1. Using a 1.4 angstrom probe on heavy atoms only, work out the carbon and sulfur share of the accessible area of region 127-220 in %.
2. Can you give the Kirkwood hydrodynamic radius for region 104-186, in Å, rounded to one decimal and based on Cα pairs?
3. Based solely on its DSSP helices, what 222 nm [θ] is calculated for the chain when runs of n ≥ 4 H residues each add -39,500 (n - 2.57) and the sum is averaged over all residues, nearest 500 deg cm²/dmol?
4. Treating only the Cβ of Lys, Arg, Asp and Glu as charged (+1, +1, -1, -1), what charge dipole size does region 5-116 show about its Cα centre? Round to the nearest 20 debye.
5. Can you give the Rg to Rh ratio of region 170-218, both from alpha-carbon atoms, with Rh computed by the Kirkwood formula?
6. Expressed as a fraction of 2.2 N^0.38 Å, the rule-of-thumb size for a compact globular protein of N residues, what is the C-alpha radius of gyration of region 161-258?
7. Order Ser138, Ser166, Ser3, most accessible first, counting only protein heavy atoms with a 1.4 angstrom probe.
8. Fully extended, how many nm does the chain gain between Arg8 and Asp93 (0.36 nm per residue separation, minus their Cα-Cα distance)?
Amino acid sequence: ITSSPEVRYAKNGSVHLAYQSFGGGDLEFILVPGLISHLEFPWEHPPYRRFMNRLASFARVTVYDKRGMGLSDPLDVAAGFDQHLGDLAAVIDAAEVTQPVVMGWSEGAAVAAVYAAHHPGAVESLVLYGAFPKLLESPDYPEGGTREQFEQIVESVDQAWGEGVSLSFLAFENLDDRDFCRWWGRYERACASPGLVISVLNLLAELDMREVLPAIHVPTLLIHRTEDPAMTVESARLMAERMPDARLVELPGTVHWPWLGDTDAVVEEIEEFLTGARRAAEVDRALATVLFTDVVGS
């Protein structure tokens, strides 16, 4: 797939949820995005296309924009968890999926995990990337981020949203690439307004799903970068310990987003978990125009 697949809409009540389905295979894969998303925009980014195409090589993939994000209906304030769970159910129904593998990353991992806990038997398995059960630290949870770090992130979103500021906590290794920062700034602006993002962050600061973890009885793969700037790998270790059928794979790196950085390593772990085997990545193929210049004496 070289360009954005067709966008369709599911409905949860009066809310329209944009989604895409593509690929083939016996597996049905539902992707729940993280903090921000836009269905069409990132298809112009080669690593995103590579990530999605590799997933689509062994599964039918459905990805959607959460309410308020991208091409779904806009919001003034962040949606609650119950709304997100209903939205995921609506997308699964619209895409005519009966027994999905649900993958979520970052905030989307929490939605995917709670959905599996609330719908026993309706989810084949889970893949959680960059997951965390609780965002901020507390006396009984040293694995979380500090309040000071959180406030710095909120301030940066307030002051510089649309300039690539979220890379500082999603993929800071890309901050030195000016062209990519400009592209990511456009992506931020396309996904959501700064006010909505701040509202989402403030709601995430209240998240605590630790008590839900023992109720998730589906095979689960957790993938986490060991130097993730947004959430420590210790948080993922805690999740793997408390979920009855979970396995954690720790990968080197600092990227909190699955389709940035070494996407092949992420997809290979997912493919092996779901199919029992991993295939070597194919070399990307693209049409190119080559200009031959006949220089005298060459």
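1. Using a 1.4 Å probe with all protein chains present, region 127-220 comes out at 48 percent carbon and sulfur.
2. After inverting the pairwise mean of 1/r, the radius is 15.0 Å.
3. -10500 deg cm²/dmol
4. The dipole of region 5-116 has a size of about 280 debye.
5. 1.18
6. With N residues counted in region 161-258, Rg over 2.2 N^0.38 Å equals 1.27.
7. Ser3, Ser138, Ser166
8. 29.3 nm
The values are calculated or read from the model by the stated rules, or taken from the named source; none is laboratory data. What you see is a predicted model; the values in this text were computed from it and never measured. With ideal geometry, Cβ positions are generated from the backbone for all residues, glycine too; neighbour counts draw on all protein chains shown. What goes into the accessible areas is simple: the full protein's heavy atoms, side chains included, and nothing from ligands, DNA or RNA. Shrake-Rupley method; radii C 1.70, N 1.55, O 1.52, S 1.80 Å.
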